1. Take region 180-229, drop everything but the C-alpha atoms, weight them equally and run the Debye formula without solvent; then report log10 I(q)/I(0) at 0.19, 0.25, 0.26 Å⁻¹ to two decimals.
2. Tell me, what is the FRET efficiency for residue 193 and residue 243 to the nearest 0.05, using R0 = 35 angstrom and their Cβ-Cβ distance as r?
3. Run the helix sum for the chain: -39,500 (n - 2.57) per DSSP H stretch of 4+ residues, divided by residue count, reported at 222 nm to the nearest 500 deg cm²/dmol.
4. Quick one: length gained pulling residue 272 to residue 174 fully straight, 0.36 nm per residue minus the C-alpha distance?
5. For region 185-224, what relative contact order do you get, as a whole percent, if you take Cα pairs closer than 8 Å and at least 6 residues apart?
6. Semi-axes of the equivalent ellipsoid of region 74-222: what are they in whole Å, largest first, if each equals the square root of 5 times a C-alpha gyration tensor eigenvalue?
7. Could you give the length gained by full extension between residue 4 and residue 42, i.e. 0.36 nm per residue of separation minus their alpha carbon distance, to one decimal place?
8. Using Cα-Cα distances under 8 Å and only pairs 6 or more residues apart, what relative contact order does the chain have, in percent?
């Protein structure tokens, strides 16, 4: 109940204030939270050191502060979804390689839009939906039913159709069979049944779902990221659909597909570490 009340207060402020001021308020609250969020600070520090072992403590701290502040902006943007329209997209979002989505859709087997907890993945889904694409997103169900309903309303109000994680396999298969888009966030395993991969040279669990869905349905995987620019505009960037020919060995094929998208995640996170919102210890060696 407490979280729900905070979210509604945050939404009221985000909608009542001009965007620039709403960002400043969000950063102020984030800086206060930063002072007391010892566990989050420690987790982010350990994750950043795993990615950048050569950076100094000062450099790591500077990135860490920006992670907190950028996440505050992410929430402001999420609260302001009711203001997102074609005019906002035209003024604030540069879209690169949208043709990759069209090329993948033309194959008639649906498309898996694969992203990570980088930038503003929620806003990316809204933009794709407002551009007229049939868009589904797999989302983790919040324990608080009011919070879950609030988050889903924000998505659905802009045409994003939500697939609860517990129903992900069946509903994703149905959507892909209809030739539609299914968005998955592939850099965090919520089931503890993920597959171990070398991520930045260290063992980590990543969800196998995107690779398994692609292998089962023939749907193309198109990586996409909504990245914040220095002036608080965005770039929605898509990569080429994966060109993968199954070998017939399921385990090897799954590993091969995951190897392709984990490399894309690594490149994006390395380039935008202050926009990777991983407030938990990520690597297996950190959890011992």
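1. Results for region 180-229 at q = 0.19, 0.25, 0.26 Å⁻¹ read -0.76, -1.05, -1.08.
2. FRET efficiency, residue 193 to residue 243: 0.80.
3. Working: 11 runs with 147 residues, N = 288.
Result for the chain, helices only: -16500 deg cm²/dmol.
4. Numbers: separation 98, 0.36 × 98 = 35.28 nm, distance 3.40 nm.
Taking 0.36 nm per residue and subtracting the Cα distance, the gain is 31.9 nm.
5. 32 percent
6. Values for region 74-222, descending: 24, 20, 16 Å.
7. 11.1 nm
8. Details: 417 pairs, mean separation 71.7, N = 288.
Reported as a whole number, the value is 25 percent.
Each value in this text was obtained by applying a stated rule to the coordinates, not by laboratory testing. Keep in mind it's a predicted model, so treat the numbers as computed, not measured. Methodologically, a virtual Cβ is constructed for each residue, glycine included, from the backbone with ideal geometry; neighbour enumeration extends over all protein chains shown.
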